[in-house]
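Some notes on the structure that comes next.
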Amino acid sequence: MSELETLRRKIRMQAISISLAITPFGVAFGALCTEAGLGTWEALGFSSLVFAGSSQFAAITVLAEGGTIMAAVIAGLLLNLRSLAFGVAMAPSLQGSLLWRAITSQLMIDEATAVGSSQESHSLRRYGYIWAGLSVFVLWNLMTWVGVTLLSGTGTLIEDLGIDATIPAAFLGLAWPKLSSKEHQVIAGVGAVVAFLLVPFVPPGIPVIAAAAAVLLLRPWGKRGSHE
Amino acid sequence: MSDAVVVMVALAAGTYTLKAFAPLVLSNKRVLPDWIKRFAMLLPTPLLAALVITSTITSDDQIIFDARIVGVVAAMVALAKRVPFVLVIVIAAAATALWRLIAGL
């Protein structure tokens, strides 16, 4: 097996594991939709057209709690502001025709960016992004449908099986290889600390943006001679 | 149209704008300033680090320190021992579930 194929195989494994990790949350989202009075097609509309897990949860929760349309949309958008930063990170690897960029942009979610951006070359980044994005898209919608169909009743299964810990573990696993360089250790530390300190005080989604902004302020690219 | 459909359409339009902005506006400009390219290369690291933190300590918009921390620490140990990615995920879930079972947190 060629070295490239070995790498690609590894990336496909990462993509499939991370999309399996989110499946219980897809079921939970479907169940939440049912509780909020949404029908099957409405729930699937959210999971395919919005396709941003935390934003979907936030918007439906606000609606279910009797919030206004405006409040639901704003809550959802605030959580998704980070995809603007993901776009900046992934854009150089997603070059192509306007149509190609327009379609692949819909996959700009945490998991696709995480798997994509942790690869070495632009072509592998694109490969990881598409694989993770598509596998999450398919499983997320399938599981939303399962959740709506089975009504609620997932209860505490996610917690009992420790599945809620698989998401941070997956993000950690993707960040890990980068942490061999001193520079990345520093900015990872800064990002983690900034996020940790802000979580209690700002709406969800903002700590992640602030962590990225903090690195912008550090201006590490000004230091010549540091490796990538 | 139900409220949910209005929210869905507005949110879909908004999130798509955020997702597609950089790829559509920046992507084919091959002469991006150096600092933007450098920033884009470094960006994933703080983003991932922040996602690890937020997904470990928040639940339904609340800060909750619970057994997930045990799972993440277990994942860290597994990663340090060069365990494959899939197993790291399984180990994190198992450690968390076990801790909840024993400590009830």
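All of the numbers you see were taken from the coordinates with simple rules; none came from a lab. Since the structure is predicted, the reported quantities are computational estimates derived from the model, not experimental observations. Please note: Cβ atoms are built from the backbone with ideal geometry, for glycine as well, and neighbour counts cover all protein chains shown.
Quick rundown of the values:
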{"read-out": "Residue that is surrounded by the fewest Cβ atoms within 10 Å (Cβ to Cβ), among those in the range A:1-31 that are among the hydroxyl-bearing types (Ser, Thr, Tyr) and in a helix (DSSP H, G or I)", "value": "A:6"}
{"read-out": "Options A:99, A:78, A:107, A:124: the member that is in contact with a Gly (Cβ under 7 Å, 6 or more places away or on another chain), over 19 Å from residue B:54 (Cβ atoms) and among the aliphatic types (A, V, I, L, M)", "value": "A:107"}
{"read-out": "Tally, over the range B:35-69, of residues that are more than 7 Å from chain A (Cβ to nearest Cβ) and either touching a residue at least 60 places away in the same chain (Cβ under 8 Å) or over 27 Å from residue A:61 (Cβ atoms) (or both)", "value": "1"}
{"read-out": "Of residues in the range A:140-178 being surrounded by fewer than 17 Cβ atoms within 10 Å (Cβ to Cβ) and facing another protein chain (nearest Cβ under 8 Å), the one farthest from residue B:94 (Cα to Cα)", "value": "A:160"}
{"read-out": "Hits in the range A:70-88 (condition: more than 13 Å from the chain's Cα centre (by Cα), in contact (Cβ under 8 Å) with a residue 12 or more places away in the chain and at the interface with chain B (Cβ under 7 Å from one of its Cβ atoms))", "value": "A:72, A:73, A:76, A:77"}
